[in-house]
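The values are calculated or read from the model by the stated rules, or taken from the named source; none is laboratory data. On a predicted model such as this, the values are computed, not experimentally measured, just so you know. All Cβ positions, even for glycine, are placed from backbone atoms using ideal geometry, and neighbour counts span all protein chains on display.
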């Protein structure tokens, strides 16, 4: 996978190969600027010829795909961002419940205030704001590391029925050749693209009425599910309680899922235009595409389903995607930057412990990427990952193989300061089955210059 390159003045240049980056570091012509994503800074070069790159985004409620591509569609960088919107929502709801409980129990606590409670125009809940913030943050970061000249975003799913016949309306519109397309896409997302009865995947799925029409069932979306051919024929006109009489767990799951709204789709729908406006505010041209276009581009090129691949296939520029011999996909997990709440509470909302207001201790802070070289003992070896500090000086390190506990701060060295995200890498084959020879995160931690530490700019 490519390595990002910046010049002496920290202006972005074209990414280079890992081999070339090693040679530049070994010859002393470059220094490490940032570990993840791996970036080098040239010592003796200012400006140079660059090719236009595009940052492409496939927004999602839980995971967003990112891809940096050349004008010819070659993937230079791929990543998937895991959002923490649901955690933010649960934390706010918990805090609200604790506050309400303290008031109702007549404890010494401030009275509720309702004066001057107004929201600014365009206000979004924190759970949605965090999703937009993550995407915009990484779009800006990639602009600083690569010569990005344009952006691309999957924005909407166009009404294909209206596109096929712009004059269609009324009953003809409701019963046209593409009637039910949106319903099918909704059900595919809601039921996880598998049979509701036997969990069969990668097989043709059919509409099925949970409560059979012969028994008075309606065509409402809450009464529809997806079933494979054999299950649909076996169920026939039986009601679901009769069909799944011997499988109460599956029955309970289906009835609960049928009433559950498609929250993820609602979250994406509520943030898509705000995200578009913020990307446009960067001053770069923003290409938009539909979900149907993305799926068409991906299926035409016989590419597997994945968030970062969908990002590379967004819009007209996604008609031709060129995969390198092996792709290292960066997993970016939003972790937040700590908590303002310095008091830990129990299930009833009463204090059970207090946190120190000092977030940094012995030069380390929770979230920093460190490398620990333990010379002897049960935990001897080199451990690299995200650190969780303790006032005792005995730290925990989250590595790719799990958590290593009880590492002394004397053996740890910071290689990248915490930025609110946790990182992982996945090395995968491309659509031709070819695999890369190296591991990008391992290379990021083992390239020459590690013993000298990172530059101050990191």
I'm trying to understand the selection: among the residues of the stretch 1-30, which are in a loop (DSSP other than H, G, I, E, B) and crowded, with 21+ Cβ neighbours inside 10 Å? 1, 2
Test of understanding: among 384, 372, 388, which residue is touching a residue at least 60 places away in the same chain (Cβ under 8 Å) and in contact with a strand residue (DSSP E or B) (Cβ under 8 Å, 6 or more places away or on another chain)? 384
Return a yes/no flag: does the stretch 266-279 have any residue that is assigned to a loop (DSSP other than H, G, I, E, B), more than 17 Å from the chain's Cα centre (by Cα) and either more than 20 Å from residue 138 (Cα to Cα) or not assigned by TED's automatic domain parsing to the domain that holds residue 398 (or both). no
Could you check the stretch 141-154 and list, in sequence order, the residues that are over 16 Å from the mean Cα position of the chain (by Cα) and in a helix (DSSP H, G or I)? 143, 144, 145
Among (1) at pLDDT 85 or above; (2) surrounded by 13 or more Cβ atoms within 10 Å (Cβ to Cβ); (3) under 21 Å from the mean Cα position of the chain (by Cα), residue 320 falls short only on (3)
Of all strands (runs of 3 or more DSSP E) completely enclosed by the stretch 332-428, which ones contain at least 2 residues that are out of contact with any helix residue (DSSP H, G or I) (no Cβ under 8 Å at 6 or more places or on another chain) and over 30 Å from residue 59 (Cα atoms)? 343-345, 351-354, 381-388, 394-399, 402-408, 412-416
Sole exception among (1) in a loop (DSSP other than H, G, I, E, B); (2) closer than 19 Å to residue 77 by Cα for residue 282, by number: (2)
Mind listing whichever residues of the stretch 376-410 are buried (at least 19 other Cβ atoms within 10 Å of the Cβ) and closer than 22 Å to residue 357 by Cα? 386, 387, 389, 395, 397, 409
Take residue 76 and tell me if it is out of contact with any helix residue (DSSP H, G or I) (no Cβ under 7 Å at 6 or more places or on another chain), touching a residue at least 60 places away in the same chain (Cβ under 8 Å) and either part of a loop (DSSP other than H, G, I, E, B) or exposed (fewer than 12 other Cβ atoms within 10 Å of the Cβ) (or both). no
Being without any contact (Cβ under 8 Å) to a residue 60 or more places away in the chain and in a strand (DSSP E or B) is the filter; apply it to the stretch 31-46 and report the residue that is surrounded by the fewest Cβ atoms within 10 Å (Cβ to Cβ). 42
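Here's a check for you: in the stretch 244-257, which residue that is touching a residue at least 24 places away in the same chain (Cβ under 8 Å) and out of contact with any strand residue (DSSP E or B) (no Cβ under 7 Å at 6 or more places or on another chain) is nearest to residue 64 (Cα to Cα)?
If we take residues in the stretch 244-257 being touching a residue at least 24 places away in the same chain (Cβ under 8 Å) and out of contact with any strand residue (DSSP E or B) (no Cβ under 7 Å at 6 or more places or on another chain), then 257 is nearest to residue 64 (Cα to Cα).
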